[in-house]
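Visitor: Just dropping this structure here.
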Amino acid sequence: MLKIAIQKSGRLSEKSIELLQDCGLKIDTVQRKLIADAKNFPAQILYLRDDDIPQYVADGVADVGIIGENVMLESGKPVKVVKELGFAGCRVSLAVPKDRQYDGPEFFEGKKIATTYVRILQNFLDEKGISAEVHHISGSVEIAPNIGLADGIMDIVSTGSTLLSNGLKEVETVLTSQAVMVSQPALTAEKEEILEKLLFRVNAVLKAKGYQYILLNAPNEQLEEIIKILPGMRSPTVLPLAEENWSSVHTVIEDNQFWDVIDALKEHGAQGIIIVPIEKMVS
Ligand code: PRT
Ligand code: ZN
């Protein structure tokens with residue numbers, strides 16, 4: 001049995017559940033008790049606060065967990081990243097009031113900085129050889145400069161609108177973060193085997209997310225050119241159409257490549273172009 005810790009409620013919860021469900025795990029999402037069994041996979045889901053997950057995984061209460069890299073690094077717990085999951089992307093950045101002149105990290109020498117991420121901030125300051133006063137705040141960090149509590153802050157930034165609406169500007173990206181699956185460094189052979197199985201499925205799901213399936217009809221005399229345009233995984237499938245001298249071409253393309261090739265495809269007479277999402281991809 002593999003115990004998988006995910007965030008109970010917050011920015012990571014829905015995506016974590018969706019990922020596990022896409023991997024074929026049947027999870028009861030209605031009740032969200034502390035622990036629930038997956039019905040058709042040897043796993044148990046633990047719903048926790050994200051900040052508690054590194055500790056639980058390090059202690060072996062959970063075997064793996066899904067958290068933001070920021071939370072993992074801030075915890076300083078001995079857990080290892082087994083898979084980058086590509087969602088909940090954000091930056092952990094330093095910001096100062098927008099009218100302050102900023103010429104580099106030396107700005108913070110002798111200044112007060114408010115943050116939730118004390119460890120990450122201290123590591124950054126040590127690396128730059130800067131000594132500053134670090135104030136730990138657990139929420140609404142962005143208001144600290146306005147109420148005179150700090151000269152600057154370090155916080156999570158996604159679109160930047162929170163900083164903007166508080167009259168702050170982002171001046172240093174200390175860390176870029178995404179959701180990751182972490183595990184205990186020493187799993188038993190049995191758990192390791194279940195994790196391998198899960199990771200195989202996770203890879204298939206994530207890989208499929210970056211690709212689309214394209215189908216189109218092409219006049220035979222243009223087939224060679226059209227195939228050259230399509231940046232497929234291997235050579236595309238070509239099937240004859242009922243209409244003479246026409247073929248149907250199927251292949252896989254990367255998510256955003258479609259718009260790069262559409263004009264060229266049309267120029268070579270491609271018609272009936274269909275793009276469909278791929279659910280799983282195993283290569
Ligand atoms: O209750 P629990 O402790 O489990 O959850 P939480 O409140 O600590 O975390 P939650 O659910 O807010 O975030 C979970 C994880 O999502 C974080 O640890 C990050 O890894 C990731 N993440 C991605 C974000 C954001 N984007 C984000 N934008 N976490 C927080 N924010 C907040 C940020 O704190 C700031 O207030 O959004 C604001 C900034 O957003 P912009 O778009 O205005 O820049
Ligand atoms: Zn949290």
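Visitor: Of all residues being open to solvent by less than 10 Å² (accessible area, probe 1.4 Å) and within 11 Å of ligand 1 (Cβ to nearest atom) in segment 39-67, which is farthest from the chain's Cα centre (by Cα)? Just the residue, please.
Guide: Y47
Visitor: Can you pull out every residue in segment 90-139 that is of a type in the set (G, A, S) and in contact (Cβ under 8 Å) with a residue 24 or more places away in the chain? Step through it out loud before you land on a result.
Guide: Initially, segment 90-139 is screened for residues of a type in the set (G, A, S), giving 93, 95, 104, 110, 114, 129, 131-132, 138-139.
Result: S93, A95, A114, A132.
Visitor: Count, please, the residues in segment 1-37 that happen to be away from ligand 1 (no atom under 14 Å from the Cβ) and farther than 18 Å from V205 by Cα.
Guide: 11
Visitor: Taking only pairs six or more apart or across chains, which ones have beta-carbon atoms under 9 Å, a first residue in segment 167-186 that is under 15 Å from I67 (Cβ atoms), and a second residue that is surrounded by fewer than 22 Cβ atoms within 10 Å (Cβ to Cβ) and among the hydroxyl-bearing types (S, T, Y)?
Guide: These pairs meet every condition: L175/S93.
Visitor: Can I ask one more? Does D28 meet the test of being more than 19 Å from the chain's Cα centre (by Cα), open to solvent by 10 Å² or more (accessible area, probe 1.4 Å), within 16 Å of ligand 2 (Cβ to nearest atom) and of a type in the set (D, E)? Working first, answer last.
Guide: Details: more than 19 Å from the chain's Cα centre (by Cα): yes; open to solvent by 10 Å² or more (accessible area, probe 1.4 Å): yes; within 16 Å of ligand 2 (Cβ to nearest atom): no; of a type in the set (D, E): yes.
The answer is no for D28.
Visitor: Being within 25 Å of D22 (Cβ to Cβ) and either modelled with pLDDT under 90 or in a helix (DSSP H, G or I) (or both) is the filter here, so list the residues in segment 213-238 that pass it.
Guide: G232, M233, R234
Visitor: Inspect segment 115-122 for any residue being more than 30 Å from K197 (Cβ to Cβ) and more than 24 Å from the chain's Cα centre (by Cα) and give the result as yes or no. Reasoning before the result, please.
Guide: Step one: filter segment 115-122 for residues more than 30 Å from K197 (Cβ to Cβ), giving 115-122.
Keeping just the survivors that are more than 24 Å from the chain's Cα centre (by Cα) gives 122.
For segment 115-122, residues more than 30 Å from K197 (Cβ to Cβ) and more than 24 Å from the chain's Cα centre (by Cα): present.
Visitor: Now a separate question. Filter segment 193-229 down to the residues that are hydroxyl-bearing (S, T, Y) and under 17 Å from the mean Cα position of the chain (by Cα) and list them by number. Can you show your working first?
Guide: Pass one, segment 193-229, residues hydroxyl-bearing (S, T, Y): 211, 213.
Passing the criteria: only Y211.
Visitor: Just wondering, is there one or more residues in segment 151-164 that are within 29 Å of E14 (Cα to Cα), surrounded by fewer than 15 Cβ atoms within 10 Å (Cβ to Cβ), within 16 Å of ligand 2 (Cβ to nearest atom) and free of Cβ contacts under 8 Å to residues at least 12 places away in the same chain?
Guide: The answer is no; no qualifying residue exists.
Visitor: Within segment 190-200, is even one residue without any contact (Cβ under 8 Å) to a residue 60 or more places away in the chain, more than 30 Å from G89 (Cβ to Cβ), in the same structural domain as R11 (by TED's automatic domain parsing) and open to solvent by 30 Å² or more (accessible area, probe 1.4 Å)?
Guide: Within segment 190-200, one or more residues are without any contact (Cβ under 8 Å) to a residue 60 or more places away in the chain, more than 30 Å from G89 (Cβ to Cβ), in the same structural domain as R11 (by TED's automatic domain parsing) and open to solvent by 30 Å² or more (accessible area, probe 1.4 Å).
Visitor: Can you spot a residue in segment 94-114 that is within 14 Å of ligand 1 (Cβ to nearest atom), open to solvent by 10 Å² or more (accessible area, probe 1.4 Å) and of a type in the set (D, E, K, R)? Break it down stepwise before answering.
Guide: First, the residues of segment 94-114 that are within 14 Å of ligand 1 (Cβ to nearest atom): 94-95, 114.
Among the residues that remain, those that are also open to solvent by 10 Å² or more (accessible area, probe 1.4 Å) are: none.
No, that holds for no residue.
The values are calculated or read from the model by the stated rules, or taken from the named source; none is laboratory data. This is a predicted model, so every value here is computed, not measured. Cβ atoms come from the backbone with ideal geometry, glycine included; neighbour counts cover every protein chain shown. With ligands, DNA and RNA removed, areas are computed over all heavy atoms of the protein, side chains included. Shrake-Rupley method; radii C 1.70, N 1.55, O 1.52, S 1.80 Å.
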